[in-house]
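The values are calculated or read from the model by the stated rules, or taken from the named source; none is laboratory data. Computed from a predicted structure; not experimentally measured. Neighbour counts run over all protein chains shown; Cβ positions are idealised from the backbone, glycine included. These area figures cover heavy atoms from the full protein model, side chains too; ligands, DNA and RNA do not enter into them. Shrake-Rupley method; radii C 1.70, N 1.55, O 1.52, S 1.80 Å.
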Amino acid sequence: ICLFITGFRREMMAVTIRWTSGLPKTVTTAADDGALKKHRTEGHGWQVLAGIRPAAGEGLAGSGRTIRYNKASFSRCSARTTNWWKGTTMNIKEIRAACSQYRVVLEPDENTPEWWAGAPSVTRGDNGEFFLAARMREGKSPRGRRGYEVRILSSGDGVGFAPVNRIGRDAAGVIGFERPAIVRDPRNGAYRLYGCCAFEDGWGIIRFQDAAHPKDFDPAKWQVVLKAENFADGFNHTAGYKDPFIFWDRDRWRMFVIGYDRVERAYQFVSSDGTKWEPASDRPALENTGWHSFFTRPACVLPLSIGYLLVYEGSTILWRDPDYNIATGLAYSPDMETFIDLTPDEPLLKSTTPGLYHTWRYSHWVHVGEEVYVYFEAARPNATNEIRLATFRAAR
């Protein structure tokens, strides 16, 4: 079983993962200096080779860009079920080209600068029906308080959507909304809706009461499930959490959020019930560096045949209005603990629409048959944003 994710410049990122079974095996991993290290495993195990190498070259190279694993990581990976043991090949040149061809899914309510339809989150029902939750934003209120509605829409084909529920900020009793997250509990079929709200003391994540159908979410019934701790020591701390992406992973819920201090960083939390959340790590998933040295934010996670693709977004202070002029890149993780940036030198995706902003953000990538549907928020020429859909074929 092999996974290759190919870079779009002169170098190629190769992550090769082979499933071995039967007799005890030797697991080979890459050290920081490019040397190979070996670990002994019993019975089933993963053999992993990872590194940056020239497109025409051989072997492992590129100090500092290899993935480090420990023995425990392999034992956790080996717990995956057999329906994940398939080969996957993705070429990110092809992803970039595919995402430049899109359909508009949802436009802002007014075609006026600073009015946006964006921050999509998607889930599906047993019959294949798509449900999309979006944040609707007006341009008159102070920044940070402009999200006036979480709009939930349904679709039979994932392309044409119609509203089934509207949760307004006044009905919910909040100052404003940011990105929502809609998911379906695989254990009981209930739908869950999480919101991101502005409070007087910072951003926090709320959970609405579960519903049998997304049209039944009650705007008045919610509870806070994640907020930053308030310190009074005068030092810089994480001041709030916002824009959740949530998914069920084998036996637990995972939530990626933006943690805000003086910049924005990518954090991960885990939960057994979706209400009480614990940090998965005391460090961000990715460093703020390079083209995403100002903001580094999680957008979504796409489970692969082996491991996960972390879609992230960010900006540099050198860009115009970097709080909102956001671009997108990719990272890979075998186990949701170790992450490697696949696009460290430049963003993979920016809005292809001419204008003052190149915003391409808040994307949700979804497996649909043999394709991946990519829902994303993108800038239009007049400083408005809309939700678009692009697709590409993935060999799974």
Relative contact order of segment 190-252: what whole-number percent is it, with Cα pairs under 8 angstrom and at least 6 residues apart? 32 percent
Return one quarter of the surface area of the convex hull spanned by the alpha-carbon atoms of segment 327-396, equal to its mean projected area, in nm². 5.7 nm²
Distance in nm between pseudo-label sites at ASP261 and ALA98 (7 Å out along the Cβ direction from Cα): 3.7 nm
What percentage of all Cα-Cα pairs in segment 126-233 are separated by more than 25 Å? 24 percent
Measure of size requested: the Rg and Dmax of segment 264-396, with Cα atoms as the atom set and Å as the unit; please supply both. 15.3, 44
I'd like the distance between the alpha-carbon centres of segment 122-149 and segment 267-331, rounded to an integer number of Å. 20 Å
For VAL225, list long-range residues whose amide hydrogen, built 1.01 Å from N in the peptide plane, is under 5 Å from its own amide hydrogen. ILE205, ILE206, ARG207
Amide H neighbours of PHE339 under 5 Å, counting only residues 5+ apart in sequence or on other chains, H built in-plane at 1.01 Å? none
Scattering profile of segment 150-189 from the Debye formula, Cα beads only, expressed as log10 I(q)/I(0) at q = 0.16, 0.20, 0.33, 0.34 Å⁻¹, is -0.57, -0.80, -1.07, -1.09
In this structure, the FRET efficiency calculated for ASP321 and GLN209 from their beta-carbon separation, with R0 = 35 Å, to the nearest 0.05, is 0.40
For segment 262-396, what % of the accessible area comes from carbon and sulfur atoms, probe 1.4 Å? 49 percent
Return one whole number: the accessible area per residue of segment 229-342 in Å², for a 1.4 Å probe. 38 Å²
Over all alpha-carbon pairs in segment 202-308, figure out the percentage whose distance exceeds 22 Å. 38 percent
What distance in nm separates the two pseudo spin-label positions at ASP170 and GLU370, each 7 Å out from Cα along the beta-carbon direction? 5.1 nm
Spin-label model distance (nm) - PHE235 vs THR289, 7 Å beyond Cα toward Cβ: 2.4 nm
Once phi for every residue in segment 128-144 is put through the Karplus expression 6.51 cos²θ - 1.76 cosθ + 1.60 (θ = phi - 60°), the whole-Hz ³J(HN,Hα) values, with Gly and Pro written as x, are x, 4, 8, 10, 10, 9, 10, 9, 9, 10, 9, x, 9, 6, x, 4, x
Please report, for the Cα atoms of segment 276-315, the Rg to one decimal and the Dmax as a whole number; what are they, in angstrom? 11.9, 34
